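Presented below is the structure to which this report refers.
The values are calculated or read from the model by the stated rules, or taken from the named source; none is laboratory data. Computed from a prediction, not measured in an experiment: that's the story for all the values here. Quick reminder, even Gly has a Cβ in these numbers, built from the backbone with ideal geometry, and neighbours come from all protein chains shown.
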6 protein chains.
Amino acid sequence: MRVNNVKKIWAEGGAVVNGWLGIPSSVSAEVMTHAGFDSVTVDLQHGLVDYQASVSMLQAISTLDVTPMVRVPWNDPIPIMKALDAGAYGIVCPMINNREETEKFVGACRYFPQGYRSYGPARAAMYAGGDYASEANDNLITMAMIETLESLGNLDEIMSTKGLDAIYVGPADLSISLGHPPSADPTIPEVVEAMDTILAAAKRNGVVAGSHCASGDMAKRLFKKGFQFCTIANDSRLLAQKAAEEISAARG
Amino acid sequence: MRVNNVKKIWAEGGAVVNGWLGIPSSVSAEVMTHAGFDSVTVDLQHGLVDYQASVSMLQAISTLDVTPMVRVPWNDPIPIMKALDAGAYGIVCPMINNREETEKFVGACRYFPQGYRSYGPARAAMYAGGDYASEANDNLITMAMIETLESLGNLDEIMSTKGLDAIYVGPADLSISLGHPPSADPTIPEVVEAMDTILAAAKRNGVVAGSHCASGDMAKRLFKKGFQFCTIANDSRLLAQKAAEEISAARG
Amino acid sequence: MRVNNVKKIWAEGGAVVNGWLGIPSSVSAEVMTHAGFDSVTVDLQHGLVDYQASVSMLQAISTLDVTPMVRVPWNDPIPIMKALDAGAYGIVCPMINNREETEKFVGACRYFPQGYRSYGPARAAMYAGGDYASEANDNLITMAMIETLESLGNLDEIMSTKGLDAIYVGPADLSISLGHPPSADPTIPEVVEAMDTILAAAKRNGVVAGSHCASGDMAKRLFKKGFQFCTIANDSRLLAQKAAEEISAARG
Amino acid sequence: MRVNNVKKIWAEGGAVVNGWLGIPSSVSAEVMTHAGFDSVTVDLQHGLVDYQASVSMLQAISTLDVTPMVRVPWNDPIPIMKALDAGAYGIVCPMINNREETEKFVGACRYFPQGYRSYGPARAAMYAGGDYASEANDNLITMAMIETLESLGNLDEIMSTKGLDAIYVGPADLSISLGHPPSADPTIPEVVEAMDTILAAAKRNGVVAGSHCASGDMAKRLFKKGFQFCTIANDSRLLAQKAAEEISAARG
Amino acid sequence: MRVNNVKKIWAEGGAVVNGWLGIPSSVSAEVMTHAGFDSVTVDLQHGLVDYQASVSMLQAISTLDVTPMVRVPWNDPIPIMKALDAGAYGIVCPMINNREETEKFVGACRYFPQGYRSYGPARAAMYAGGDYASEANDNLITMAMIETLESLGNLDEIMSTKGLDAIYVGPADLSISLGHPPSADPTIPEVVEAMDTILAAAKRNGVVAGSHCASGDMAKRLFKKGFQFCTIANDSRLLAQKAAEEISAARG
Amino acid sequence: MRVNNVKKIWAEGGAVVNGWLGIPSSVSAEVMTHAGFDSVTVDLQHGLVDYQASVSMLQAISTLDVTPMVRVPWNDPIPIMKALDAGAYGIVCPMINNREETEKFVGACRYFPQGYRSYGPARAAMYAGGDYASEANDNLITMAMIETLESLGNLDEIMSTKGLDAIYVGPADLSISLGHPPSADPTIPEVVEAMDTILAAAKRNGVVAGSHCASGDMAKRLFKKGFQFCTIANDSRLLAQKAAEEISAARG
């Protein structure tokens, strides 16, 4: 099976810089793939992207050896199964609250007997190679989002779930869950502390900690704390920011 | 007819900051439209965009009062007609060499007797309003690209063509035409002088001078020289640049 | 936040004429948007429309100040979340049977603590403006469909659910639920009475009553009764009817 | 080869009611196909439709035994060849001015030696049947639009071109060519007389006369005069008209 | 209502050769439809196909009188409802484990009171005819997949569910469920026996037995055993196999 | 610049087995790319494929190191320029008749001063690498189709055109041009001899000879004769053939 670079970097103790795709286009996906990320994630939750667009985006990501991942819209076996069959090497699942939900999520990513994923890796077997059936359970990443109030009370039961590889902080939802306005780069102490608590729990449970970040600077900060997977904004945010900067320069 | 902001800015002696769309998606188009440009141009020539995608991109541009334009792939009446019917308020036409080609281009943008455009403004009449038929000839912008060796010898005959509103420099092709490697922000004196010569001819002939630019800084420089329409790179270039900057910050 | 015209009309005691989109095209969506409706709803349930098409349709609706809404296919948080992120200002949810289902529906439309909607209004924030995060809970419409036998027994518990703004009658399913053939403009007394009962319950509970209608005439009748939100057929039905009328005239 | 119903109706002296598709959707195409037209034409000129959309629209038309036709955007062999390969049974070609252009058009529709069409009827052979190669030259309809000033002076040389089956009046462009505002149902005597002149020339040259019409009533009028192929508006116009009528009824 | 050929063949004791579509294209769908299958199934589970693509694929299937079916991704009322509304004449539902799930599945396919399907057969009524509302419950096929360990223990309770027409074996998942590597044409005795056991249960309960097959040869074998519905691989598999064969011949 | 495998194989005196894509889908394109071809060509002429689909198909081809090529619909600079910008490493141009047309074709594939291609390799520079601008003229393949009667009289003037790399026989059109029914594997002596004559002229002029073939067997025969580039049918033909074979096996 083609190597999962994210797992490899983690195994070596390294940190992954991840790109995030919310524009439903294989062209912007290929541009992002060439930008230098270690992995690129198609966002089926808040991205303006549906499954069919994600297939061609995953093809675009496959033009280089950058690891393709998918954030599914919800803890639902349909989008998880379809993303994996389309060649995703990792699934980010939002809004995980407890052990039961974690098991439902992880089980959807694994073939029997580790889980209940149905067999039919249409594109995945082309992308990964002929031994996909036997190797997939060990090589596909499961990443549970920690962003709800309930999950903060269940960190260990979530993170100790067998088969869970990593957790992923959603700072905006986490802020809201703690009673604050959504922030992509939280500075309110309560939220910052919650992120530290989550990181500590991840370390304690032997799962990788990841987070969404507002910028490269924030990613750098989190890497220093021990996060090993940081996403920088998303494609449409990067585009909007750069366009505004250049317009300002033109008019300045 | 809905006002053509670009014409209005020009009439007031102002300068237009133009966005350029090469990603075939109405989502990136809407993001660019909200970034603050005066006009946004769908690039059917070197953009990875075909007519059908351009229709939804023109719809996305229409969500704000930003002037929609199209660069057609060639001096061909089919893409010109279809872009105008789809609601473009201006056409940028590449590779214009002489008077005959300019007349062919301008004629494709005007209804009889000023030109030979066929009637059927399917979307344009919705966007522009009920008086489109009678007002279109006076309000749609024709912009001829000056970028070939032949055109440099025919500046006045091109620019004095009745019905031509503006010219547009393509620095990369102009560089190649003068025997140099393509450059988006030329520094080779021969190319810089050619651009100045083109600008002077435009002023002399009473047409607006525009140019593609590599950056906001270059646009600012050209505005100072007297250019009144500057495009800043394009969406995929902006995206690639910003992504690389942020990745570098994350890893730095 | 951009004003929600439907809420505004209701607040003034007025009645909303709503268009309904079942053709998966941003072009027909834009045609309908220009026809004069107060709001236009993309039908993800029985329309031949999926999420990705709905995004470009919502963009087309945004070219005018007509309120965009979405009927989701089922009481499921995925399509609700994605429709709201794409800019819908109201959600029509089918097949609501009881209080629990109503709360599940309403909660999916509201950010914590009023609900459990995840944060990431990708397109909504562009469309609505920068204060979307703080204003969305108060401005997005929740409309529960009353069309099943079970719901008829639970009208007050459904309609008194905190956060529910309106109910919407589906006459065809209501007819079937009462043991009759589906009718878009029911004349069977039992169905007509059920609609009156639903309307009375809505008035009693302070929520707006809406209904699908077979025609403008039916809408007019229902408006007189006190309904304040009436949909007229849908795009494909209107197209089929008009085409048949004109063919008949041509052949007559 | 599957029978060309339009040719069959013409051979019997009958008149064809034709539908016109400008919405780029196979769903609206199927709705129109079921409405009762004898033939349905995909409009690649002023419709908001490109080739790729037309393929799925031609498939939708093929779900019933309604004859599929295409109006190409211009007298260009590329769209003609591609429309025929995709299964069109007739081509309407705009802006024909003289004999030379007519021969260029007709030749693009016929295999050697009658013309210069390239062989490769990818979908056409599936739709038409195994004998397509030998039968296509005799069964595909060529219809030249008469709408320019120049063409009015060349009616006989155009209409006597070998291989031309029919002509088609574009009333709006014809109005403009005669110095009047575009009208879909011309009442200005000069335009009405021009249409009569065209009809007479068609009769004289043994080709069928067709016309675009604003309504079923206009089609009925033209049928009485001797036209044998009348189009009623197009899908988006029908939709817009019906929606406005019903909204008016609802508000009335 | 247009006849359901699959039901008709079954009623006559015959066997159905079914095609399977995993390529999201109406063009490959039409090619497959013309190949000679009795029915063609769009695979929304492991095929790289989403709902919107399936609509145009169902249109392509409707160009011939080949029965259109859909395999939904999961036992979920949304994809079932939408596939039926789009014109599917049968639903294959994966991963059915017990009576409760079977009833949930069958109910989603039937209007009240036999089920809880919501009314709005947008395309189905065009395809099937005007009496769809009254005839659909009797004519649409429900086919439950037997492929999990749990289902093997519940064969009779599943197959005796009122309203279930047929079962469908998924050999690959069945192999996995029994602890073996996935095989499209199982030779391991335990799996072969399980398939025989399933067939016997189907016969005993008066439902039709179907199965996915790796090849025409396997289908022939299963038909002899008494299966009456066999799918041959899928489109992408057939394409890959034939391409490899011909490349080998070219290089041989 | 990424190596052009086709040029490399030719330089080594080898023969290229080429796949041909007529289904407008990146999924079938990826399946074909994995089948073992040396190069894969998107057919924009007779394939049911337009530019926009070709972009995602070229991305799918780029997931492996298989050389991507495009057959353009006609000798027109627009599709040639756009195919090259999208990353095609070679262009097959149909219906070349003489030296003038060959020069027009070759010039469209080369930057100034070798040709008149406009600069803007949006996707090509990502695929090929940073030195694309300076290396493209030497590395992109130009292949002129020989299939018309006129071209048979101009073989040397066509093949000696500076910048032409190869010619490509279209056996079906060649058959028609010689007065015979179209045949994908001609056996009529006059056509076979014409193919031999073309091959001899190619050898004499130092250009590579290629041909469309009906099967792997035909490719093998032509390779033996000295052809160095043979296409095997196309995707939809392979699919149709294999499906028919397997259905026959199932029913046999």
- Message: Six or more apart or on different chains, Cβ atoms under 6 Å: show the pairs whose first residue is in the range F:83-103 and within 14 Å of chain B (Cβ to nearest Cβ) and whose second is part of a helix (DSSP H, G or I) and of a type outside the set (Asp, Glu).
- Response: F:Asp85/F:Ala124; F:Ala86/F:Val55; F:Ala86/F:Leu58; F:Gly87/F:Leu58; F:Gly87/F:Ala124; F:Gly87/F:Tyr127
- Message: Restricting to the range C:217-249, count the residues that are out of contact with any Ser or Thr (no Cβ under 8 Å at 6 or more places or on another chain), of a type in the set (A, V, I, L, M, F, W, C) and either over 20 Å from C:Ser39 (Cβ atoms) or without any contact (Cβ under 8 Å) to a residue 24 or more places away in the chain (or both).
- Response: 5
- Answer yes if at least one residue in the range C:137-153 is closer than 23 Å to C:Val55 by Cβ, within 14 Å of chain A (Cβ to nearest Cβ) and at pLDDT 95 or above, and no otherwise. yes
- Message: So A:Asn5 passes all but one of these: (1) buried (at least 24 other Cβ atoms within 10 Å of the Cβ); (2) touching a strand residue (DSSP E or B) at 6+ places or on another chain (Cβ under 7 Å); (3) more than 14 Å from chain C (Cβ to nearest Cβ). Which condition number does it fail?
- Response: (1)
- Item | Breaking point among (1) within 14 Å of another protein chain (Cβ to nearest Cβ); (2) surrounded by fewer than 22 Cβ atoms within 10 Å (Cβ to Cβ); (3) out of contact with any helix residue (DSSP H, G or I) (no Cβ under 6 Å at 6 or more places or on another chain); (4) of a type outside the set (Val, Ile, Thr), for F:Leu178 | (3)
- Within the range F:241-252, considering residues that are modelled with pLDDT of 95 or more and surrounded by fewer than 23 Cβ atoms within 10 Å (Cβ to Cβ), the one nearest to the other protein chains (Cβ to nearest Cβ): F:Ala249
- For residues in the range D:20-36 being touching a Gly at 6+ places or on another chain (Cβ under 7 Å) and touching a residue at least 60 places away in the same chain (Cβ under 8 Å), which is nearest to B:Ile80 (Cα to Cα)? D:Gly22
- Residues B:Glu157, B:Glu193: which one is surrounded by fewer than 16 Cβ atoms within 10 Å (Cβ to Cβ), closer than 30 Å to B:Pro113 by Cβ and not aliphatic (A, V, I, L, M)? B:Glu157
- Note on the range E:198-208: residues in a helix (DSSP H, G or I), closer than 20 Å to E:Ile91 by Cβ and either without any contact (Cβ under 8 Å) to a residue 12 or more places away in the chain or under 18 Å from the mean Cα position of the chain (by Cα) (or both) are E:Ile198, E:Ala202
- Message: Cβ contacts < 9 Å: first residue under 30 Å from A:Ser134 (Cα atoms), restricted to the range E:152-181; second residue exposed (fewer than 15 other Cβ atoms within 10 Å of the Cβ) and polar (S, T, N, Q), any location; separation 6+ or different chain. Result?
- Response: E:Leu152/E:Thr197; E:Leu155/E:Thr197; E:Pro181/A:Ser134
- Of all residues in the range C:37-47 being more than 21 Å from C:Gln228 (Cβ to Cβ) and in contact (Cβ under 8 Å) with a residue 40 or more places away in the chain, which is surrounded by the most Cβ atoms within 10 Å (Cβ to Cβ)? C:Gly47
- Of the residues in the range F:64-80, those that are surrounded by fewer than 24 Cβ atoms within 10 Å (Cβ to Cβ) and either touching a helix residue (DSSP H, G or I) at 6+ places or on another chain (Cβ under 6 Å) or more than 12 Å from chain D (Cβ to nearest Cβ) (or both) come to F:Leu64, F:Asp65, F:Val66, F:Trp74, F:Asn75, F:Pro77
- Item | Selection count, the range A:146-177, where residues are within 17 Å of A:Phe227 (Cα to Cα) and among the β-branched types (Val, Ile, Thr) | 3
- Query: Taking the range C:113-128 on its own, how many of its residues are touching an Asp or Glu at 6+ places or on another chain (Cβ under 8 Å) and not aliphatic (A, V, I, L, M)?
  - Reply: 5
- Looking only at the range F:53-63, count how many residues are at the interface with chain D (Cβ under 10 Å from one of its Cβ atoms) and either basic (Lys, Arg) or surrounded by fewer than 24 Cβ atoms within 10 Å (Cβ to Cβ) (or both). 0
- Item | Checklist (1) under 20 Å from the mean Cα position of the chain (by Cα); (2) away from every other protein chain (no Cβ under 14 Å) applied to A:Tyr168, failing item | (2)
- Within the range A:10-19, tally of residues that are under 15 Å from the mean Cα position of the chain (by Cα) and either free of Cβ contacts under 8 Å to residues at least 24 places away in the same chain or within 21 Å of A:Asn234 (Cβ to Cβ) (or both): 5
- Query: touching a Ser or Thr at 6+ places or on another chain (Cβ under 9 Å) and within 14 Å of chain E (Cβ to nearest Cβ), is that true of A:Met126?
  - Reply: yes
- Message: Among the residues of the range E:218-240, what is the count of those that are in a helix (DSSP H, G or I), at the interface with chain F (Cβ under 8 Å from one of its Cβ atoms) and under 19 Å from the mean Cα position of the chain (by Cα)?
- Response: 6
- Considering residues of the range E:114-152 that are within 21 Å of the chain's Cα centre (by Cα) and among the small types (Gly, Ala, Ser) only, the residue surrounded by the most Cβ atoms within 10 Å (Cβ to Cβ): E:Ala144
- Note on the structure: Here the residues within the range E:17-34 that are buried (at least 24 other Cβ atoms within 10 Å of the Cβ), farther than 24 Å from F:Ser56 by Cβ and touching a helix residue (DSSP H, G or I) at 6+ places or on another chain (Cβ under 7 Å) are E:Val17, E:Gly19
- State the number of residues belonging to the range F:191-209 that are more than 16 Å from F:Pro171 (Cβ to Cβ) and among the charged types (D, E, K, R). 2
- Query: Of the residues in the range B:122-144, how many are of a type in the set (Ser, Thr, Tyr) and out of contact with any helix residue (DSSP H, G or I) (no Cβ under 6 Å at 6 or more places or on another chain)?
  - Reply: 2
